[in-house]
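Chemist: Let me give you the structure first, and then I'll get to my questions.
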Amino acid sequence: MTRAHDMGGRFGYGAIRPEGEDEPLWHEPWHDRAMALTLAAGALGQWNIDMSRHARECLSVPDYSTFSYYEKWIAALADLLVETSVLTRDDLTGEGSEGRHALSYSVLTAEKVPAALAKGSPSDRPSFGSLDFAPGQEVRVRPHPENTHVEGGHTRLPAYAAGARGRILRYHGNHVLPDTSAHGLGDQAEPLYAVVFSASELWQMPEHPNDEVVLDLWQSYLEPA
Amino acid sequence: MPHDHHDHDAHPHSLLPSDPALRVKALETILTRKGLVDPAALDAIIDTYENRIGPKNGADVVARAWSDKSFRQELLADATATVRELGYYGRQGEHIVAVENTPETHNMVVCTLCSCYPWPLLGIPPAWYKSDGYRARAVREPRRVLSEFGVVLPEETGVRVWDSTAEVRYLVIPMRPQGSEGMDRAALARLVTRNSMIGTGLAKAPS
């Protein structure tokens, strides 16, 4: 995995071009198809959301930085389908086997779409471990924004917050840890907290002394301050 | 995962056509032929987010919060349960937190790592929300970003940017505009823009 996706605070971008509220959701005729194909293939149940984020993050730096948003989705989907052995490389080149797939029994049919989208996949889990921090408590983010379970693996700790001192704002409950879930190592759910940081703690030249940034961080990302 | 060790050329996606429209079509054809995707299901997913789920859901929630004190309190205490009762629940909206703008604090939402967004309340995110520039800049220079949306805050208002790094999705409750006293809920909902619920806009003034 590269860190091309970890964009918070990066320099070098121009002005945002806001769209009107009524602009179309999709700007190319294939965008909606790419979105729907990704959701429908996900419904086969062969990967979780952390694995699909990780697959996008595993695109090469040139691909990640030049692909448009839905191009990233579709490239990562093709990679995931092969990685999870749903498809073979031969399938992608049109030289694969013919006939129905063993997983076709779990295909998402049109009738099942409303229920599938309405169901969602909650990431909270019953809590068994210790709750180390409480709202109001000062904490420090661990100094290295790396996955400590899998070398070079997926993590949801942005580099800009590494080592920063913040304060627990709220406890969100016990949530699946992406650092293990993305790699098939189980949920290993942990307490998840909203942690607030002063902008001046994160940036050398904050725009305003009163500004703050809040991140949702898992307990193992944090240390007592 | 074997995936981690592939070099660029070995990524399976490079075996598909490079033109994105053809690439999507090719993958849909392969999956459909194997019985893994039902093209009618794709149509149903697109129809859901084009016609059924969008910012009008979030606007309904905001209008209720503006006009009903006990609803507002329930929403701020447990947004997931409160919006679920209205039928706003599902994919990318399993855990919702509502944050309220005040004269002291302006809230604004981003996802610097991908593009997390409260789908059941706001639908599919607009292109700018998913852009590299917004993801990079919203956390470091939110006021400059806001000015590009035409929003200039009073000097004494602090900006609190929420980076959606987990599965919690944030809904901004914009300040109720002056002159909206006495308006009914449906009229109030029409003042609530998508951007005002992301925090890159303000609610519209009544005309």
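Chemist: Mind pulling the per residue volume of the convex hull built on the Cα atoms of the range A:40-147? Å³ is fine.
Modeler: About 207 Å³ per residue, rounded to a whole number.
Chemist: To continue, here is another question. Averaged per residue, what accessible surface does the protein assembly as shown expose to a 1.4 Å probe, in Å²?
Modeler: Spelled out: the 1.4 Å probe surface of the protein assembly as shown, per residue, equals 41 Å².
Chemist: Which semi-axis lengths, in whole Å and largest first, follow from the square roots of five times the eigenvalues of the Cα gyration tensor of chain B? Don't jump to the answer; show the numbers that get you there.
Modeler: Values: eigenvalues 258, 94, 47 Å².
Those come to 36, 22, 15 Å.
Chemist: Going by a 4.7 Å Cβ-Cβ cut-off, which cysteines of chain B have no partner at all?
Modeler: Among the cysteines of chain B, those whose Cβ sits 4.7 Å or more from every other are B:Cys114.
Chemist: Apply 1/(1 + (r/R0)^6) to the Cβ-Cβ distance of A:Glu19 and B:Gln73, taking R0 = 45 Å, and write down the FRET efficiency to the nearest 0.05.
Modeler: Numbers: r = 34 Å, r/R0 = 0.75.
Efficiency at R0 = 45 Å is approximately 0.85.
Chemist: Kindly work out what percent of the DSSP beta bridges joining two residues of the protein assembly as shown are antiparallel, to the nearest 5.
Modeler: On the way: 21 of 37 bridges.
If we restrict to bridges inside the protein assembly as shown, about 55 percent are antiparallel.
Chemist: Identify all lysines with a Cα-Cα distance to A:Lys112 below 29 Å; exclude those on the same chain that are fewer than 8 residues away in sequence.
Modeler: A:Lys72, B:Lys25, B:Lys34, B:Lys56, B:Lys130
Chemist: For the protein assembly as shown, what is the calculated [θ] at 222 nm in deg cm²/dmol (nearest 500), taking -39500 (n - 2.57) for each run of four or more DSSP H residues and dividing by its residue count?
Modeler: Values: 18 runs with 141 residues, N = 432.
Taking each H run of at least 4 residues, the total per residue is -8500 deg cm²/dmol.
Chemist: What ranking, highest mean first, results for peptides A:17-23, B:78-84 when packing means the other Cβ atoms within 10 Å averaged over each residue?
Modeler: Working: A:17-23: 12.0, B:78-84: 19.0.
Peptide ranking by packing, descending: B:78-84, A:17-23.
Chemist: Could I ask something else about it? Using only protein heavy atoms and a 1.4 angstrom probe, determine the accessible area buried between A and B, summed over both sides, in Å² to the nearest 100.
Modeler: Details: alone 14340 and 12290 Å², together 17890 Å².
The A and B chains share an interface burying roughly 8700 Å².
Chemist: How many Cβ atoms of partner chains, on average, are near each residue of B:120-129 if near means within 10 Å of its Cβ? Present the calculation step by step, with values, prior to reporting the outcome.
Modeler: Numbers: counts 3, 0, 0, 1, 5, 2, 7, 11, 5, 4.
Rounded to a whole number, the mean comes out at 4.
Chemist: Something else: Pulled fully out, how much extra length does the chain show between A:Asp132 and A:Gln188, if you take 0.36 nm times their separation in residues and subtract their Cα-Cα distance? It would help to have the intermediate numbers written out before the result.
Modeler: Numbers: separation 56, 0.36 × 56 = 20.16 nm, distance 1.59 nm.
Gain on stretching A:Asp132 to A:Gln188: 18.6 nm.
Chemist: Turning to a different aspect of this structure: Averaged over peptide A:61-68, how many Cβ atoms belonging to another chain are found within 10 Å of each residue's Cβ? Let's see the in-between values first.
Modeler: Details: counts 1, 1, 4, 1, 1, 0, 2, 3.
Going residue by residue through A:61-68 and averaging, the value is 2.
Chemist: Taking one equal scatterer on every alpha-carbon of the protein assembly as shown, how large is log10 of I(q)/I(0) by Debye at q = 0.07 1/Å?
Modeler: Evaluating at q = 0.07 Å⁻¹ gives log10 I(q)/I(0) of -0.33.
Chemist: Same structure again: Any idea which of A:Leu59, A:Ser123, A:Ser200 is furthest toward the positive side of the dipole for the range A:52-200, if Lys and Arg beta-carbons carry +1 and Asp and Glu beta-carbons -1?
Modeler: The residue sitting farthest along the positive end of the dipole is A:Ser200.
Chemist: Same structure again: Within 13 Å, Cβ to Cβ, of B:Leu42, how many net charges do the neighbouring residues add up to if Lys/Arg are +1 and Asp/Glu are -1?
Modeler: Working: positive: A:Arg33, A:Lys112, B:Lys25; negative: A:Asp32, B:Glu28, B:Asp38, B:Asp43, B:Asp47, B:Glu50.
Net of charged neighbours comes to -3.
Chemist: While we're looking at this one, here's another question. Please name which of B:Thr157, B:Ala63, B:Ser14 has its Cα lying farthest along the dipole of chain B towards the positive end, using unit charges on Cβ (Lys, Arg +1; Asp, Glu -1) and the Cα centre as origin.
Modeler: B:Ala63
Chemist: Additional query: Report in % the part of the accessible area of the protein assembly as shown that belongs to carbon and sulfur, leaving out ligands and nucleic acids; probe 1.4 Å.
Modeler: Numbers: 9240 of 17890 Å².
That fraction is 52 percent.
Chemist: Taking 60 Å as R0, compute the FRET efficiency from the Cβ-Cβ separation of B:Arg33 and B:Glu155 and round it to 0.05.
Modeler: Numbers: r = 61 Å, r/R0 = 1.02.
The pair B:Arg33/B:Glu155 has a calculated efficiency of 0.45.
Chemist: When you take every Cα atom in the range A:138-224, what is the radius of gyration, and what is Dmax, the widest Cα pair distance, in Å?
Modeler: Looking at the range A:138-224, its Cα Rg and Dmax stand at 13.4, 42 Å.
Chemist: Can you give the local net charge around B:Met197? Use residues other than it whose beta-carbon is closer than 14 angstrom to its beta-carbon, Lys and Arg +1, Asp and Glu -1. Could you put the intermediate results ahead of the total?
Modeler: On the way: positive: B:Lys56, B:Arg64, B:Arg169, B:Arg176, B:Arg190, B:Arg194, B:Lys204; negative: A:Glu21, B:Asp60, B:Glu100.
Around B:Met197, the charge tally is +4.
The values are calculated or read from the model by the stated rules, or taken from the named source; none is laboratory data. Just so it is clear, the structure is predicted and the values come from calculations on it, not from any experiment. Ideal geometry is used to build each Cβ from the backbone, glycine not excepted, and the neighbour counts take in all protein chains shown. Areas reflect the complete protein model, heavy atoms only, side chains present, ligands, DNA and RNA absent. Shrake-Rupley method; radii C 1.70, N 1.55, O 1.52, S 1.80 Å.
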